[in-house]
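Worksheet: the structure to be examined is printed underneath.
The values are calculated or read from the model by the stated rules, or taken from the named source; none is laboratory data. On a predicted model such as this, the values are computed, not experimentally measured, just so you know. Cβ sites come from the backbone with ideal geometry, for glycine too, and all protein chains shown count toward neighbours.
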Amino acid sequence: MIILNFLLWVVVVACGALAVGYVFREILVRIVGQEIAKIVRTLPLTASLGIFVILIYIICAVFAPVIAPYGEADILAGSFEPWSSTYWLGTDNLGRDVFSRLIYGARNTVGIAFLVTSLAFLIGTLLGIYAALKSGVVDQVLSRIVDVLMAIPSLIFSLLMLTIFGTSALSLVLVIATIDSTRVFRIARAVALNIVQLDYIEAAKLRGEGSFFLIRREILPNAMAPLAAEFGLRFCFVFLMISALSFMGLGLQPPTADWGSMVRDNAELISFGDITPLIPAGAIAFLTIAVNFVVDWLLHRASGLKE
Amino acid sequence: MNNLLLMIAKRLALGVLTLIMLSLLIFLSVEALPGDLAQEILGQQATPETVAAIRRELGLDLPAHTRYLNWLGGILQGDFGNSLALRKPIIGLIAPRLENTLFLTLYTACIAVPLSLALGMLASLFRNGYFDRISNASALASISMPEFFVGYILIYLLALTGYFPSMANINANTPLLEKLYICFLPALTLTLVVTAHMMRMTRAAIINILALPYIEMAHLKGVRPGRIITRHALPNAIAPIVNVVALNLAYLITGVVIVEIVFVFPGLGQLMVDGVKFRDIPVVQATSLVFATAYVGLNLLADIISTISNPRLMRQR
């Protein structure tokens, strides 16, 4: 019975989500100008839903102190209070308001994932394009280092690194950014290899431009489209990895509100049939699904495949 | 035949080289630790004399390359050193847990591989139809979910209703059938996570081949679509599919870490996470070496099988 009930809910939520996607697309078409409206009309419902969800998360992250009724670390009541009008989603194991922590979690968890991805992209693309540009020894050395680092599964490698550097927010950011930049390096190098053999790069080299100018002004603008889609995918990976580490108790440290550790702290409630711990886990899943939907559409557009 | 052996020997050599690099990396990363193991064991208040004594006992006063060779030599003989937190030989901790983890991985593979191949073939058969779209969207969704979300939903649906136990506590004496029953939920969680990926890749591999002229020829001859896929397309898709399967099994090896925690499963992943928490460095080194070896080994296997399955690759090398 409970399973049928669940399946029914999944169908209802999926239909509701598509309806939201449709309404949001119609609203977008009205708001934006003529040129963009043309593109917006071609949005599949999944992608429009994705953009809508991402917007909501951004709003939650930016205005967290305004939206959340209580502070993220305030201990307000007894532990595990049920849902009520004062504490919308009840309280957690220490008596903190779950709803407020959920809102602050958008700021902390998503914020740190975004920071890590950006850092990984900064390192990865610069080195990747540099390797493609210089080729020869520089390329060989960098590529072999990346090969070795990629031979270790990333979760295992980050666990090893966190043992050594300790589990602070700073080491978390640096470790995951380093590991992830190896993946970005591969892509950036592959994309740049196709660009560096073009004539206009040769011309710029003959003009006597330096490496940094070449990367920033000549290569990057042309490599932007594939890298943007990759950014979305890498963000999902990083986000899931940080959530996994937090879930294991090795990510962001308390009392910072964070979705992964919220699931872990309240997990015992599930065995009493209370779904509160599933909500932060669902918040993680919703965002990654949304980003994936948007990236899927971007890739589809970029490849020009209409099948 | 000689070509084949030579190729396998080359790949194996490359794999061994990778493993040596990995062991070096794992060893050196601990060298980068501020302070050293002796200080870590004794804490801040230790006198210089006791620190020196422990250093001598652990062999920390030897130069780095000697220690590395000793460490590696010990591991090759099955000696991973002693755990700092539990003060026991690590091999005794790892062996039974490795067995459990391998059991869970194998169990999952037995469900996930046939399932995802079948789904992938069906999706490529009905491509762009409703089956394809729904399976594609749900695959995308299940890839995007954290493992613990899937795990807890399954606990909520199947364990609370009393069908399956929510804690997968097994030991060496549990009979096989009971083991299969107890481990069903963790295996199902892992299956859901990897099936999506394998299915998408299978579908992509088959669709790539369906675009080739000889498939069109088969169509024109009037061969039925199901037969085209199983007899004409599938044999040529084996290489990419085997690759995907091996990569996903390699992923499973690390994916178990989180699932083991959700279901309190006595496996290698739990040991490693506990090691990280207590900063039990020898345990973390040993477990990450085991995980990395399994990962490299499976990738190597995928490489070799995909070469064997493609006669063209075998001739050229």
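Structure notes:
- Exclusive hit being small (Gly, Ala, Ser), surrounded by 13 or more Cβ atoms within 10 Å (Cβ to Cβ) and touching a Leu at 6+ places or on another chain (Cβ under 9 Å), set A:ALA64, A:ALA19, A:ALA106, A:ALA77: A:ALA106
- The listed residues are B:GLY78, B:GLY74, B:GLY15, and the only one of them that is under 30 Å from B:ILE182 (Cβ atoms) and either within 14 Å of another protein chain (Cβ to nearest Cβ) or modelled with pLDDT under 85 (or both) turns out to be B:GLY78.
- The residue of the range A:1-30 that is nearest to A:LEU45 (Cα to Cα), among those that are more than 14 Å from every other protein chain (Cβ to nearest Cβ) and touching a residue at least 12 places away in the same chain (Cβ under 8 Å), is A:TYR22.
- Some residue of the range A:134-145 being charged (D, E, K, R) and within 14 Å of another protein chain (Cβ to nearest Cβ): yes
- Selection count where residues are touching a residue at least 12 places away in the same chain (Cβ under 8 Å) and of a type outside the set (Lys, Arg), scope the range B:53-74: 7
- Residue satisfying condition, being surrounded by fewer than 20 Cβ atoms within 10 Å (Cβ to Cβ) and facing chain A (nearest Cβ under 10 Å), within set B:ALA95, B:ALA172, B:ALA137: B:ALA137
- Residue check, B:VAL150 in a helix (DSSP H, G or I), farther than 19 Å from A:ILE270 by Cβ and either within 14 Å of another protein chain (Cβ to nearest Cβ) or touching a residue at least 12 places away in the same chain (Cβ under 8 Å) (or both): no
- When the range A:177-215 is limited to residues that are polar (S, T, N, Q) and under 29 Å from the mean Cα position of the chain (by Cα), the one that is farthest from A:PHE237 (Cα to Cα) turns out to be A:ASN194.
- The range B:217-273, residues that are within 18 Å of B:GLU99 (Cβ to Cβ) and either of a type in the set (D, E, K, R) or in contact with a strand residue (DSSP E or B) (Cβ under 6 Å, 6 or more places away or on another chain) (or both): B:GLU260
- Whichever residue in the range A:275-284 is surrounded by 23 or more Cβ atoms within 10 Å (Cβ to Cβ), assigned to a helix (DSSP H, G or I) and facing another protein chain (nearest Cβ under 7 Å) and, among such residues, is farthest from the chain's Cα centre (by Cα): A:ALA281
- Any hit, the range B:112-119, residues being touching a His at 6+ places or on another chain (Cβ under 9 Å), small (Gly, Ala, Ser) and within 16 Å of B:ALA246 (Cα to Cα): yes
- Some residue of the range B:294-301 being surrounded by fewer than 21 Cβ atoms within 10 Å (Cβ to Cβ), modelled with pLDDT of 85 or more and either under 20 Å from B:ALA85 (Cα atoms) or among the small types (Gly, Ala, Ser) (or both): yes
- Residue check, A:ILE56 surrounded by 13 or more Cβ atoms within 10 Å (Cβ to Cβ) and of a type outside the set (Lys, Arg): yes
- Residue match in the range B:248-264 (condition: of a type in the set (A, V, I, L, M, F, W, C), outside any helix (DSSP H, G or I), surrounded by 16 or more Cβ atoms within 10 Å (Cβ to Cβ) and within 14 Å of chain A (Cβ to nearest Cβ)): yes
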